[in-house]
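The values are calculated or read from the model by the stated rules, or taken from the named source; none is laboratory data. In this text, all values refer to a predicted model and were calculated from it rather than measured experimentally. Glycine gets a Cβ as well: all are built from the backbone with ideal geometry, and neighbour counts include every protein chain shown.
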Amino acid sequence: MPATYSPFKVAKKLAEEYRELLRTVFRPARQELREAFEAVLNEEGFLVQDIFLQILPAYQRAPAITELSPKVREMFGSIAENPYRHQAD
């Protein structure tokens, strides 16, 4: 079964790890500063903004690029043999 990928879970985990790193690096000695620091770390949108996802249409494939010399086609490999439309244009 293929692994599932959730950008929302990844973003949440990264934010948690970033907060933990900052807690480790910056440890105010005074209690009131520690409390203020912790409050800022937990403030919504302070360290990390909401995730941004953009749904794009799938790229269209184009025929092989035959105008290239054999050497150049070899250099480009699979891109020259099976390019997307924007690569062929």
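Being touching a strand residue (DSSP E or B) at 6+ places or on another chain (Cβ under 7 Å) and surrounded by 10 or more Cβ atoms within 10 Å (Cβ to Cβ) narrows it down to one of R23, R61, R19, R73, so name that one. So that I can check it myself, show each step before the final result.
Details: R23 fails: touching a strand residue (DSSP E or B) at 6+ places or on another chain (Cβ under 7 Å); R19 fails: touching a strand residue (DSSP E or B) at 6+ places or on another chain (Cβ under 7 Å); R73 fails: touching a strand residue (DSSP E or B) at 6+ places or on another chain (Cβ under 7 Å).
None of the others qualify; the one that does is R61.
Please go through segment 76-89 and pick out each residue that is surrounded by 10 or more Cβ atoms within 10 Å (Cβ to Cβ) and of a type outside the set (V, I, T). Break it down stepwise before answering.
Here is the first cut: in segment 76-89, the ones surrounded by 10 or more Cβ atoms within 10 Å (Cβ to Cβ) are 76, 79-85, 87-88.
Passing the criteria: F76, A80, E81, N82, P83, Y84, R85, Q87, A88.
Within segment 1-43, the set of residues being under 25 Å from L53 (Cα atoms) and acidic (D, E) comprises E16, E17, E43. Just one of the numbered conditions (1) outside the structural domain of A15 (by TED's automatic domain parsing); (2) surrounded by 11 or more Cβ atoms within 10 Å (Cβ to Cβ) is not true of E67: (2).
Can you tell me which of Y18, Y59, Y5 is in a loop (DSSP other than H, G, I, E, B) and in contact (Cβ under 8 Å) with a residue 12 or more places away in the chain? Give the steps one after another, and end with the answer.
Numbers: Y18 fails: in a loop (DSSP other than H, G, I, E, B); Y5 fails: in contact (Cβ under 8 Å) with a residue 12 or more places away in the chain.
After ruling out the rest, the residue left standing is Y59.
For R34, state whether it is closer than 27 Å to F8 by Cα and either not assigned by TED's automatic domain parsing to the domain that holds F8 or not polar (S, T, N, Q) (or both).
Working: closer than 27 Å to F8 by Cα: no; either not assigned by TED's automatic domain parsing to the domain that holds F8 or not polar (S, T, N, Q) (or both): yes.
The answer is no for R34.
Scanning segment 31-56 for residues that are outside any loop (DSSP other than H, G, I, E, B) and either small (G, A, S) or within 30 Å of A88 (Cα to Cα) (or both) yields A36, A39.
Let's see how each residue does on (1) in contact with a strand residue (DSSP E or B) (Cβ under 8 Å, 6 or more places away or on another chain); (2) at pLDDT below 85; (3) basic (K, R):
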position: P28; (1), (2), (3): no, no, no
position: L33; (1), (2), (3): no, no, no
position: E67; (1), (2), (3): no, yes, no
position: A80; (1), (2), (3): no, yes, no
position: P83; (1), (2), (3): yes, yes, no
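For P57, the conditions (1) within 30 Å of A11 (Cβ to Cβ); (2) modelled with pLDDT under 80 all hold with the exception of (2).
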